[in-house]
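K.L.:
Quick one: structure below, then a few questions.
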Amino acid sequence: MLFVGDDWAEDHHDVEVQDSDGRVLKRARLPEGMDGMSRFHELVGRFVAADAEPCDVGVCIETDRGPWVRALVAAGYRVFAVDPKQAARHREILGSSGAKSDKGDARALADMLRTRHRQLREVAGDSEIAEAVKVVTRAHQSMVWERTRHMLRLRSALREYFPAALAAYKPLGLTSPAVLRLLAAAPAPAAGAELTTGQIAAALTGRRDIDAKAAAVQQVLRRAPGARRDRHQRLRGHGPVAGRGHHHPERRDHRPGRAGRGAFWPAPGR
């Protein structure tokens, strides 16, 4: 077998190829991507026997995921993923200096694979169905995380601007379609206080005890600070009540000392 140590970085891979006796056959730095993978195949192809199979080549690397690892597994190489702490301990065994370098890490990985490959975990190739499940699962995880982040932002905004809605809608679930419909219909405290039980019940379609939940939501929204005052002013005609400072332009002021008093107030002594 050939034993390859692969010390990977974000944009390159330092590799070292050893034979079964531990003799170093080749060291190289390969770029990430398809170009680097092509050069990896060429590098290994120089030293394998004419009748060798890809499974006769072992690769030791400090990760078990990513396009590079998937390409190695798909090509038929035996890929062994090791923990970075394992690699660090083996590097200490090889040398007492403790100095860390990319070439030294690649050498330690190749030597660890050659001497301890029976103790290492081999990365298994996944079927097409397993790969599809993996993609769907990761997409689902990302969507759930995004929904949670949006929910936290919404809760923060409601706490500052519309705390009554937070109290009323929290039992329903802030990310539920019903709550989103209610917020779209009444995005402000005054508008929330105007919601009828019928409007709230229409948004809660599909839930149990709709009438009771609608009444409870309406009660919380109408008890919000300022909501009752705004609602009262709407019912009375938007503004101060007549008779309490309301000004009528057509009414003339007939008090003494004002313009127009001569028509109603006799001059002194008359």
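Throughout, read-outs are computed from the coordinates displayed, never taken from laboratory work. Quantities reported herein were computed from a predicted structural model and do not represent experimental measurements. Quick reminder, even Gly has a Cβ in these numbers, built from the backbone with ideal geometry, and neighbours come from all protein chains shown.
K.L.:
Can you list the lysines whose alpha carbon is less than 29 Å from that of residue 134, not counting same-chain residues fewer than 8 positions off?
P.N.:
Filter leaves 85.
K.L.:
Calculate the dipole size of the range 150-235 relative to its Cα centre from +1 charges on Lys and Arg beta carbons and -1 charges on Asp and Glu beta carbons; express the result in debye to the nearest 20.
P.N.:
For this selection, approximately 140 debye.
K.L.:
With unit charges on the beta carbon (Lys/Arg positive, Asp/Glu negative), name the residue among 152, 182, 195 whose Cα is farthest towards the positive pole of the charge dipole of the range 150-235.
P.N.:
152
K.L.:
Let me ask another. Please state the charge dipole magnitude for the range 1-121, taken about the Cα centre, from unit charges on C-beta atoms (+1 on K and R, -1 on D and E), reported in debye and rounded to the nearest 20. Present the calculation step by step, with values, prior to reporting the outcome.
P.N.:
On the way: 19 positive and 21 negative charges, 74 e Å.
Result for the range 1-121 is approximately 360 debye, rounded to the nearest 20.
K.L.:
Order 184-190, 58-64 from most to least packed using the mean count of other Cβ atoms within 10 Å.
P.N.:
Working: 184-190: 14.9, 58-64: 21.6.
Packing order, densest peptide first, comes out as 58-64, 184-190.
K.L.:
Would you list, by chain and number, the aspartates and glutamates whose Cα falls below 20 Å from the Cα of residue 213, excluding same-chain residues fewer than 8 positions away?
P.N.:
Excluding near neighbours in sequence, the set is 194.
K.L.:
Roughly what % of DSSP beta bridges within the range 1-154 run antiparallel, to the nearest 5?
P.N.:
Among the beta bridges of the range 1-154, antiparallel pairing accounts for roughly 60 percent.
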